[in-house]
């Protein structure tokens, strides 16, 4: 099977005493095998500024985006195989964090809200729901996580 790589880089600019007190930047960078570099940071809801940067992508956002992106790519595939043409796809996905039974925060649920613009032939609601179900089961990320994933299409 294919391997997937990401390089994560962080450098401290804090003095050792500040680092020990938690006063260090959480800004870092993700570099992917194609060369794209993404500025990243801890979520400001977890680590307040100035130790985080709300303009950067945080791991929780990236997790939600990965689930949404994977579902979309799987959906486009199953829709095309079923003879439907998708002209546009938009998802305003939301990840919800709670605490697990040990009191540790985790992304317990991701709700996908895809809004699809179809070509000439539009599937029935039942057909579209079956396409989403097939996409969910074909999504590598969805099959790799314990987070509950729900799909609520915007029609």
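The numbers here are math on the coordinates, done by the rules we state, and not lab data. Predicted, not measured: the structure shown is a model, and the values here were computed from it. Every residue, glycine among them, receives a Cβ derived from its backbone with ideal geometry; neighbour counts consider all protein chains shown.
Quick rundown of the values:
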{"read-out": "D (Stokes-Einstein, µm²/s), Kirkwood Cα radius, the chain, 1.002 mPa s at 20 °C", "value": "120 µm²/s"}
{"read-out": "Mean Cα-pair separation over length for region 57-155, i.e. relative contact order, pairs under 8 Å, 6 or more apart, %", "value": "34 percent"}
{"read-out": "R0 of 25 Å, Cβ-Cβ distance residue 87-residue 65: FRET efficiency to nearest 0.05", "value": "0.70"}
{"read-out": "Inter-label distance, nm, simple model (7 Å from Cα along the C-beta direction), residue 145/residue 113", "value": "1.7 nm"}
{"read-out": "Cα convex hull of region 1-57 - mean projected area over all directions, nm²", "value": "5.1 nm²"}
{"read-out": "Relative exposure of 96, 147, judged by other C-beta atoms within 10 Å (fewest first)", "value": "96, 147"}
{"read-out": "Burial ordering of 8, 116, fewest other beta-carbon atoms within 10 Å first", "value": "8, 116"}
{"read-out": "Inter-label distance, nm, simple model (7 Å from Cα along the C-beta direction), residue 23/residue 6", "value": "3.1 nm"}
{"read-out": "Protection-proxy order for peptides 22-30, 62-70, each taking the mean of Cβ atoms within 10 Å per residue, highest first", "value": "62-70, 22-30"}
{"read-out": "Degrees separating the helix 59-81 axis from the principal Cα axis of the chain, which is the longest one", "value": "20 degrees"}
{"read-out": "Principal-axis tilt of helix 125-138 within the chain, Cα atoms, nearest 10 degrees", "value": "50 degrees"}
{"read-out": "Residues 112, 76 arranged by fewest to most Cβ contacts within 10 Å", "value": "76, 112"}
{"read-out": "Fully extended contour minus Cα-Cα distance, from residue 94 to residue 120, at 0.36 nm per residue", "value": "6.4 nm"}
